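The values are calculated or read from the model by the stated rules, or taken from the named source; none is laboratory data. Nothing here was measured: the structure is a model prediction, and the numbers come from that model. Note that each Cβ is placed from the backbone with ideal geometry, even for glycine, and that neighbours are counted across all protein chains shown.
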Amino acid sequence: MKHLHLGLAWLLLFATRSEAQSVAAIATEVDAVYPQSEGLYLDLHRNPELSFHEEKTAAKLAAGLRGLGYTVTTGVGHTGVVGILKNGDGPVVMLRTELDALPVEEKTGLPYASTVRTKDDNGVDVGVMHACGHDVHMSSWMGTARIMASTRARWRGTLMLIGQPAEEGGGGARAMLADGLFTRFPRPDYAVAVHDDARDPAGIIGYHAGAILSNANTVKITIYGRGGHGARPESTVDPIVIAARTVLALQTIVSREISPFDPAVVTVGSIHGGTKANIIPSEVNLELTVRSLTDAVREHLLSAIHRIVNAEAAAAGAPREPRVEVTDGGYALVNDPAMTQRVAVALVRELGPEKVQDRPPEMVSEDFSEFQRLGVPTLMLRIGAVERTKYDAAMKSGAALPSLHSALFAPDHEPTMKAAIAAEVITLRELMPANAGITSK
């Protein structure tokens, strides 16, 4: 028994030393490319561009890839970038980053904060900010591109780097696919992406097998009534009252029609009607966001919304049925289970279990799912982005941390980017091992 304990102790010591050596090795590679990635990050953060207007952003990424020896094509799906690096026989692996920023006026107070203002597609003057961390993603992506180009003995296959426009609007992935992403260029065997996470400390790498992000639909509802004087409601059909009843009834869909084990969201985010206190309007407009993780739940939610909206209008004697318009906002993102498990094992082996954690799904959406729906196994990793001291203080006090899309969101960019680069490099090398394409005789 004594010898058994000694043997286990030696195995644990060897594993600990091996893990420490791996962490040190990847950290050295990341540290070597970080200064250039940080310079790019500060530039991109100061100079954000809106969806499908990322001309200067795309040009910077394209120039960086060309300088590293990638074959680069620009203008794919409007402003998309594709960089190809062939390195012998092996799998084709696609690594995606997003290019676009949000119409948000930055209020972080950072010395490199964006002061950009522009006209959006509706002609409205807006501030522009990388409030979702796409600047972190792009800068990390470029650091990974640099490491992969300089360490070709460590992997074999074809690396396909894409800079995707308009993720925030949900049309960028489809635009690239419509422009021949999988026909003009090699069809990937795997697709990989990372996304920063405003809920976790900087440097934590999150993974999860299966559905991780939600289906999303926008539903616009117009409820019709019969307008008139507010002092004579009996001569009208009040659409504001119908809308109020409808909003309350919609809350019962998730609470009473969907299993507690099936995540679902029905949120009424906008309601507009009327112009003056003593005028009953002739119509009221509602806008909803509807989220789910499965197609079956999505269909139930949308069907129930139609049923309730029509029933409330009929109960009030509305002169006509409401108009219900459903917009497809994206599909649930499902991490391929086998691919996720394979990569998670490699990440834990290289970085240690304290840095790599299984994280639960959330009800936001992403058009990275468009590639998965075409049959490409996909994996999105989450990278914690919150400064550790701020995270600890928030956990202690219960205070809310700024979320993604907030004017106050400011990632702790150095540990976040270093973790993203390390995660991407380890993932790519795992999926494109140096012996790929080599068969024994």
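Could you name every one of the strands (runs of 3 or more DSSP E) located completely within segment 201-288 that has at least 1 residues being surrounded by fewer than 21 Cβ atoms within 10 Å (Cβ to Cβ)?
Hits in segment 201-288: 210-213, 215-224, 264-272.
State whether one or more residues within segment 379-387 are surrounded by fewer than 21 Cβ atoms within 10 Å (Cβ to Cβ) and closer than 30 Å to Thr115 by Cβ.
yes
How many residues does segment 45-60 contain that are closer than 15 Å to Gln164 by Cβ and in contact with a helix residue (DSSP H, G or I) (Cβ under 6 Å, 6 or more places away or on another chain)?
Qualifying residue count, segment 45-60: 1.
Quick one: would you say Val247 is in contact with a helix residue (DSSP H, G or I) (Cβ under 8 Å, 6 or more places away or on another chain) and touching a residue at least 24 places away in the same chain (Cβ under 8 Å)?
The answer is no for Val247.
Tell me which of these Gly274 doesn't satisfy, since it passes every other one: (1) farther than 30 Å from Glu29 by Cα; (2) touching a residue at least 40 places away in the same chain (Cβ under 8 Å).
(2)
Which of the residues that make up segment 290-317 are over 18 Å from Ala244 (Cα atoms) and in a helix (DSSP H, G or I)?
Hits for segment 290-317 are Asp295, Ala296, Val297, Arg298, Glu299, His300, Leu301, Leu302, Ser303.
Mind checking whether some residue in segment 359-369 is in a loop (DSSP other than H, G, I, E, B), crowded, with 17+ Cβ neighbours inside 10 Å and among the small types (Gly, Ala, Ser)?
Yes, there is a match, as at least one residue in segment 359-369 is in a loop (DSSP other than H, G, I, E, B), crowded, with 17+ Cβ neighbours inside 10 Å and among the small types (Gly, Ala, Ser).
Residue under question is Arg96, and the condition is that it be assigned by TED's automatic domain parsing to the domain that holds Gly163, among the basic types (Lys, Arg) and closer than 28 Å to Leu408 by Cα; does it hold?
Answer is yes for this residue.
Give segment 254-283 a look and list any residue that's under 14 Å from Ala304 (Cβ atoms) and either of a type in the set (Lys, Arg) or touching a His at 6+ places or on another chain (Cβ under 8 Å) (or both), or say none.
Listed by number, the residues that qualify are Arg256, Glu257, Ile258.
Scan segment 130-142 for residues that are among the aliphatic types (A, V, I, L, M) and within 23 Å of Gln36 (Cβ to Cβ) and jot them down.
Scanning segment 130-142 gives Val136, Met138, Met142.
Check Leu347, Leu374 and return the single one that is surrounded by 13 or more Cβ atoms within 10 Å (Cβ to Cβ), at pLDDT 95 or above and either in a helix (DSSP H, G or I) or acidic (Asp, Glu) (or both).
Leu347
Can you tell me which of Ala394, Ala434, Ala407, Ala400 is small (Gly, Ala, Ser) and under 26 Å from Glu29 (Cβ atoms)?
Ala434
Taking only segment 145-172 into account, find how many residues are crowded, with 24+ Cβ neighbours inside 10 Å and either over 11 Å from Leu85 (Cβ atoms) or touching a Cys at 6+ places or on another chain (Cβ under 6 Å) (or both).
Here the count works out to 7.
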